[in-house]
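Novice: Starting off with a structure, shown below.
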Amino acid sequence: MQIMRGRYAPVALYHSAFKAVPVELQSHLHNIRPEVLFDQMRYLRDHFDIVPLDHFLTVKRAFRLAAITFDDGYKSVHEHAFPILKELKIPFAIFINGATLQKRLFWRDKVRLIVNHQLISEFESQAKSTKKIPGLSFYRYTKDLKNNSVRVHEEIDQFLAAQKITSSLKNHCMEDTSEFIRSPLITYGNHSHDHYLLASLTEEQQRDQIYRTHSLLQSISGIKVSKFFSIPFGGLRSFNESTVQILKSLDYKGILLSRNHLNFGFRNLNGLRVVERFMPDDEPMSVNLDRILGRDQQRNLSDLEIMAMP
Ligand SMILES: [Zn+2]
């Protein structure tokens, strides 16, 4: 396993970094506690060269390289993860959703709120355009291709307004442009405006989603901005050909997926570099890597390739 360890590039995907996850978010939230993050980062630093993410735009081989990313722009990343990464001198990237900076609550947190308040059947009895999909939980079907995310979000907002419980939900993600940190270690990136399932949207809606956060990032002086776009939900069916064309028109050079894979080399999709990421859990980093590596090695190699656009 030790020999194999040099032959791939792990790109870690984290989300929040709360010491203790707030009650209203305790469902489906991928959180890394700061002390666990510290151990995982130290391990990666000792076994890999941790490079700024955009380095992967230029390299062909993945040997011994690693990168660190955080999606969704949780404030806890600035608060608890940054001090650790600064101490260890590790570069990392934060992919934000512009909507949270307009004081709009992250719609997936609203989904979590409905789950945690046991309001799923009530929502379902009132929902008109959000389609229930047999075999999928509420959490899953609200982000399925068959449901246009814009309409699902509108319906959730109407429901929550009537329930009068939205006030119990705080914005845990970046709220103000003053929160951006200018540090040589940090690169910020575009994760779309609202974190909708892009493939469920019209081309115009997609363009709007990608462009709004793109221009927001361009307007902040003194920060580094990534040429990667982090695909919300990060699957092969989370985006489509229109997404790729829009990204290329805005001069993006790569996309980030979140399919729990390592990179055994890099490939391009219609001119965009594709980087796979994995989501570490609370286990030591070596355990995480061995698990993902074992799974990736067992898969048919073609499964790791993008065979065709969805
Ligand atoms: Zn995300």
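The values are calculated or read from the model by the stated rules, or taken from the named source; none is laboratory data. All of these numbers come straight from a predicted model, not from anything done at the bench. A quick note on method: Cβ atoms are made from the backbone with ideal geometry, for glycine too, and the neighbour counts reach across all protein chains shown. For the accessible areas, the whole protein counts, side chains as well, though only heavy atoms, and no ligand, DNA or RNA atoms are used. Shrake-Rupley method; radii C 1.70, N 1.55, O 1.52, S 1.80 Å.
Novice: Can you pick out the pairs among K143/K227; K103/K131; K60/K253; K103/K248; K75/K224; K75/K170 whose Cα atoms lie more than 23 Å from each other? Don't skip to the end; give the middle numbers.
Specialist: Numbers: K143/K227 26 Å; K103/K131 28 Å; K60/K253 14 Å; K103/K248 29 Å; K75/K224 18 Å; K75/K170 12 Å.
Over 23 Å Cα-Cα: K143/K227; K103/K131; K103/K248.
Novice: Then there's this: Pick from L37, L105, L119: which residue has the top mean-square fluctuation in a GNM of the chain where Cα pairs under 10 Å get a spring?
Specialist: Result: L119 has the largest fluctuation of those listed.
Novice: Shifting gears a bit: Ignoring everything except DSSP H segments at least 4 long, calculate the 222 nm mean residue ellipticity for the chain; use -39,500 (n - 2.57) per segment, divide by total residues, nearest 500.
Specialist: -9500 deg cm²/dmol
Novice: Here is a further query. Taking 7 Å along the Cα-to-C-beta vector as the label spot, tell me the E122-H30 distance in nanometres, rounded to one decimal.
Specialist: About 3.1 nm separates the two model spin labels.
Novice: As I understand it, the dipole of the chain uses +1 on the Cβ of Lys and Arg and -1 on the Cβ of Asp and Glu, about the Cα centre. Which of A162, I90, L217 lies farthest toward its positive end?
Specialist: I90
Novice: Hey, another quick one. Only loop residues by DSSP count here, and only those with at most 16 other Cβ atoms within 10 Å; note down the trypsin sites (Lys or Arg not before Pro) in the range 270-300 that meet that. Mind dumping the intermediate values first?
Specialist: Values: sites: R273, R277, R291, R295, R299; in loops: R277, R299.
Of the trypsin sites (Lys or Arg not before Pro), the ones in loops of the range 270-300 whose Cβ has at most 16 other Cβ atoms within 10 Å are R299.
Novice: In what sequence, largest accessible area first, do H153, H30 appear using a 1.4 Å probe?
Specialist: Details: H153 5, H30 40 Å².
These residues rank, largest area first, as H30, H153.
Novice: Here's something else I'd like to know. Label-point separation (nm) for R291 and L250, each offset 7 Å from Cα along Cα-to-Cβ?
Specialist: Between R291 and L250, the label points sit 3.3 nm apart.
Novice: Could I ask something else about it? By how many nm would the segment from R61 to K164 lengthen if fully extended, with 0.36 nm per residue of separation less the alpha-carbon distance? Write out the running numbers ahead of the final one.
Specialist: Numbers: separation 103, 0.36 × 103 = 37.08 nm, distance 5.29 nm.
Roughly 31.8 nm would be gained on extension.
Novice: Taking a ≥ b ≥ c as the square roots of the eigenvalues of the Cα gyration tensor of the range 107-168, is the shape rounded (a/c under 1.5), prolate (a/b larger than b/c) or oblate? Before the final figure, lay out the partial values.
Specialist: Values: a/c = 1.64, a/b = 1.46, b/c = 1.12.
It comes out prolate by the Cα gyration axes.
Novice: Could you sort R267, R108 by their accessible area in this structure, using a 1.4 Å probe and putting the largest first? Write down the numbers at each step before the final one.
Specialist: Working: R267 50, R108 5 Å².
The most accessible residue leads, giving R267, R108.
Novice: State the volume of the convex hull built on the alpha-carbon positions of the chain, expressed per residue in Å³ and rounded to an integer.
Specialist: Values: hull volume 40.6 nm³, N = 310.
Dividing the Cα hull volume of the chain by its residue count gives 131 Å³.
Novice: Also, quick follow-up: How large is the accessible surface of E241 in square angstrom, using a 1.4 angstrom probe and rounding to the nearest 10?
Specialist: Spelled out: E241, probe radius 1.4 Å, area about 80 Å².
Novice: Could you tell me what percent of the accessible area of the chain is made up of carbon and sulfur, with a 1.4 Å probe and every protein chain present?
Specialist: Values: 6830 of 13560 Å².
Ligands and nucleic acids excluded, carbon and sulfur give 50 percent.
Novice: Right, next: Kindly express, to the nearest 10 degrees and within the range 0 to 90, the angle between helix 34-47's C-alpha long axis and the longest C-alpha principal axis of the chain.
Specialist: 30
Novice: Among H78, F233, Y252, whose Cα sits farthest toward the positive end of the charge dipole of the chain (+1 at Cβ of Lys/Arg, -1 at Cβ of Asp/Glu, about the Cα centre)?
Specialist: Selected residue: Y252.
Novice: Measuring from centroid to centroid over Cα atoms, what is the spacing of the range 205-256 and the range 11-66 in Å?
Specialist: Measuring centre to centre over Cα atoms gives 21 Å.
Novice: To continue, here is another question. How much length would be gained if the chain were fully extended between E204 and Y43, taking 0.36 nm per residue of separation minus their Cα-Cα distance, in nm to one decimal? Please list the in-between numbers first.
Specialist: Details: separation 161, 0.36 × 161 = 57.96 nm, distance 4.36 nm.
Extra length available between E204 and Y43 comes to 53.6 nm.
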